[in-house]
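Student: I have a structure I would like to understand better, so I am pasting it below and will then ask my questions one at a time.
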Amino acid sequence: MQSLSVGSIGHCRNREWIILPSPDENLILLRPLTGSDKEVCGIYRPLANLGFDRVEPATFPLPTPQDSSDAVSTELLWNAARLSLRDGAGSGGRIFAKSGLKKAHQKSER
């Protein structure tokens, strides 16, 4: 298992999770990327290192030209991502902000 830092996005149990700070170094705390704080779960690190409930870095497909749309859809996507990531993703919101989506949206309005 690769070392994932707090706030990064990992893949485990067929879904994506945000890595949360843990009071115990043997416990990996995870919150579903699209879930709430009520869905936080813990993975025992020694078992994860053996292959049980392995936590891997998440990967997402790159966008294609067919994924682009009009300014209204871009703003809707921006707002949805901002609202879903703002309460606990740590660096996730900053990563999304650096992606240039908002800049692309602002250029399309001109």
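The values are calculated or read from the model by the stated rules, or taken from the named source; none is laboratory data. Note that this is a predicted model, so its numbers are computed, not measured. Note that we place each Cβ from the backbone using ideal geometry, even for glycine, and neighbour counts take in every protein chain shown.
Student: Taking the residues in region 18-32 that are free of Cβ contacts under 8 Å to residues at least 40 places away in the same chain and either buried (at least 18 other Cβ atoms within 10 Å of the Cβ) or touching an Asp or Glu at 6+ places or on another chain (Cβ under 6 Å) (or both) as candidates, determine which candidate is nearest to A80 (Cα to Cα).
Tutor: It comes out as P32.
Student: Exactly one of (1) on the phi < 0 side of the Ramachandran plot; (2) assigned to a loop (DSSP other than H, G, I, E, B) is unmet by P46. Its number?
Tutor: Of everything listed in (1) on the phi < 0 side of the Ramachandran plot; (2) assigned to a loop (DSSP other than H, G, I, E, B), P46 misses just condition (2).
Student: Which condition does T59 not pass, out of (1) in contact (Cβ under 8 Å) with a residue 60 or more places away in the chain; (2) in a loop (DSSP other than H, G, I, E, B), if it passes all the others?
Tutor: Answer for T59: the failing condition is (1).
Student: Which of the residues belonging to region 33-68 are surrounded by 15 or more Cβ atoms within 10 Å (Cβ to Cβ) and closer than 19 Å to A81 by Cβ?
Tutor: Hits for region 33-68 are L33, G35, A58.
Student: Just to verify a result, which residue in region 12-71, among those that are in contact with a strand residue (DSSP E or B) (Cβ under 8 Å, 6 or more places away or on another chain) and basic (K, R), is modelled with the highest pLDDT?
Tutor: R31
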